[in-house]
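Accompanying notes for the structure given below.
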């Protein structure tokens, strides 16, 4: 319970991210304006790592807070509502899917420190089914006291049937009930859903502010090594300028193994290392999901090099490896498709060793 309380405090009551001050002032001012109330349905979308979830969970706490008029910059943390949030038992809050409860939210805490020695868990199934939408409808339509909030994270994971069920809810707004959808992929939402949501203008971060924020958060150290300005800039480049994604990337256990990935691939295609030996080695280093994420990053820069574009990873020598062996674009596309299929398969009871062996065999022929 103490760990959960610490996590919820870090999520619901964290300091406002510096690039979200104006948005916070705009949204909270409207929430208190009886002449122009907060919209019934909101959408928080944008690049992963910009802090949209951080903003939403913080806003949730403030909207539900009984003392919000006295605390315009964030929930008080002491009222009954705030204590309910800390215990994860707030009666006026519903979250879908359960795998996206804020305790598991990757981009909601800027200073979250991941244990680099801990193996990554299997990907959680965030699919939102029609029964999930139906299950929250009593919460939405039944009366009650005070404001009600329903948060739908990973909204792009709604099935068509779920989206259509939600559409009916959006077409029949209820007083004092607000829905907030969160997605990294707005384009994957049905147009009919998008048209009924008001976008929260989650802003891109200026390069200067992003650099300063990431540098301060990492404290000049990346995986126990001194970080140069070039290291910080590279993290931001790979993360498309999203500071929280850059910070998370620096702490991932596979980030320091990027050059080793190239060495393994080179040894495999040159037949200097067997598939089984490579598979056994990497199984001791990373979970399969982590190796998949590493592979996607490396393949992205291999594609860039083949197109004559500068690689995003300036500290890795792709050119020397590609002088000896250049995969085709079709081979890259095929491998990326296999990586996506493996990621989906990991949600089922797939034996990781078998999947690892198969992936290494593909790399050897790549």
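Identification of helices (runs of 4 or more DSSP H) wholly contained in the stretch 72-177 with 2 or more residues that are within 20 Å of residue 194 (Cβ to Cβ), at pLDDT 85 or above and touching a helix residue (DSSP H, G or I) at 6+ places or on another chain (Cβ under 9 Å) yields 130-141, 160-171.
Would the stretch 227-242 turn up any residue that is in the same structural domain as residue 66 (by TED's automatic domain parsing), farther than 22 Å from residue 28 by Cβ and touching a strand residue (DSSP E or B) at 6+ places or on another chain (Cβ under 6 Å)? Write out each step before concluding.
Just the residues of the stretch 227-242 that are in the same structural domain as residue 66 (by TED's automatic domain parsing), to begin with: none.
There is no residue in the stretch 227-242 that is in the same structural domain as residue 66 (by TED's automatic domain parsing), farther than 22 Å from residue 28 by Cβ and touching a strand residue (DSSP E or B) at 6+ places or on another chain (Cβ under 6 Å).
Report whether or not residue 170 is surrounded by 14 or more Cβ atoms within 10 Å (Cβ to Cβ) and either closer than 17 Å to residue 56 by Cβ or outside the structural domain of residue 81 (by TED's automatic domain parsing) (or both).
Numbers: surrounded by 14 or more Cβ atoms within 10 Å (Cβ to Cβ): yes; either closer than 17 Å to residue 56 by Cβ or outside the structural domain of residue 81 (by TED's automatic domain parsing) (or both): no.
For residue 170, the condition - surrounded by 14 or more Cβ atoms within 10 Å (Cβ to Cβ) and either closer than 17 Å to residue 56 by Cβ or outside the structural domain of residue 81 (by TED's automatic domain parsing) (or both) - is not met.
Residue selection: residue 189 fails the criterion of being buried (at least 19 other Cβ atoms within 10 Å of the Cβ), in contact (Cβ under 8 Å) with a residue 12 or more places away in the chain and closer than 19 Å to residue 51 by Cβ.
From 222, 238, 276, which residue is under 30 Å from residue 366 (Cβ atoms) and at pLDDT below 95?
222
Of the helices (runs of 4 or more DSSP H) entirely within the stretch 259-366, those holding at least 1 residues that are in contact with a helix residue (DSSP H, G or I) (Cβ under 9 Å, 6 or more places away or on another chain) and under 24 Å from residue 235 (Cβ atoms) occupy 275-285, 288-306, 318-324, 329-345. Per this entry, residue 315 is counted among residues that are touching a residue at least 60 places away in the same chain (Cβ under 8 Å) and within 24 Å of residue 249 (Cα to Cα).
With the structure loaded, tell me whether residue 39 is assigned to a loop (DSSP other than H, G, I, E, B) and touching a residue at least 60 places away in the same chain (Cβ under 8 Å) or whether it fails that test.
On the way: assigned to a loop (DSSP other than H, G, I, E, B): yes; touching a residue at least 60 places away in the same chain (Cβ under 8 Å): yes.
Judged against the criteria, residue 39 is a match.
Looking at 298, 360, which one is crowded, with 16+ Cβ neighbours inside 10 Å, closer than 26 Å to residue 228 by Cα and not assigned by TED's automatic domain parsing to the domain that holds residue 127? Quick ask: steps written out before the conclusion?
Numbers: 360 fails: closer than 26 Å to residue 228 by Cα.
So the residue among 298, 360 that is crowded, with 16+ Cβ neighbours inside 10 Å, closer than 26 Å to residue 228 by Cα and not assigned by TED's automatic domain parsing to the domain that holds residue 127 is 298.
Can you find even one residue in the stretch 14-23 that is outside any helix (DSSP H, G or I), exposed (fewer than 15 other Cβ atoms within 10 Å of the Cβ) and within 21 Å of the chain's Cα centre (by Cα)? Yes; the residues of the stretch 14-23 include at least one that is outside any helix (DSSP H, G or I), exposed (fewer than 15 other Cβ atoms within 10 Å of the Cβ) and within 21 Å of the chain's Cα centre (by Cα).
Would you call residue 203 touching a helix residue (DSSP H, G or I) at 6+ places or on another chain (Cβ under 9 Å) and not in a helix (DSSP H, G or I)?
yes
Within the stretch 31-51, if we keep just the residues that are surrounded by fewer than 24 Cβ atoms within 10 Å (Cβ to Cβ) and within 14 Å of residue 182 (Cα to Cα), the residue that is nearest to the chain's Cα centre (by Cα) turns out to be 48.
The values are calculated or read from the model by the stated rules, or taken from the named source; none is laboratory data. Note that the coordinates shown come from a computational prediction; the quantities given were computed from them, not determined experimentally. Counting neighbours? That spans all protein chains shown, and the Cβs are built from the backbone with ideal geometry, glycine included.
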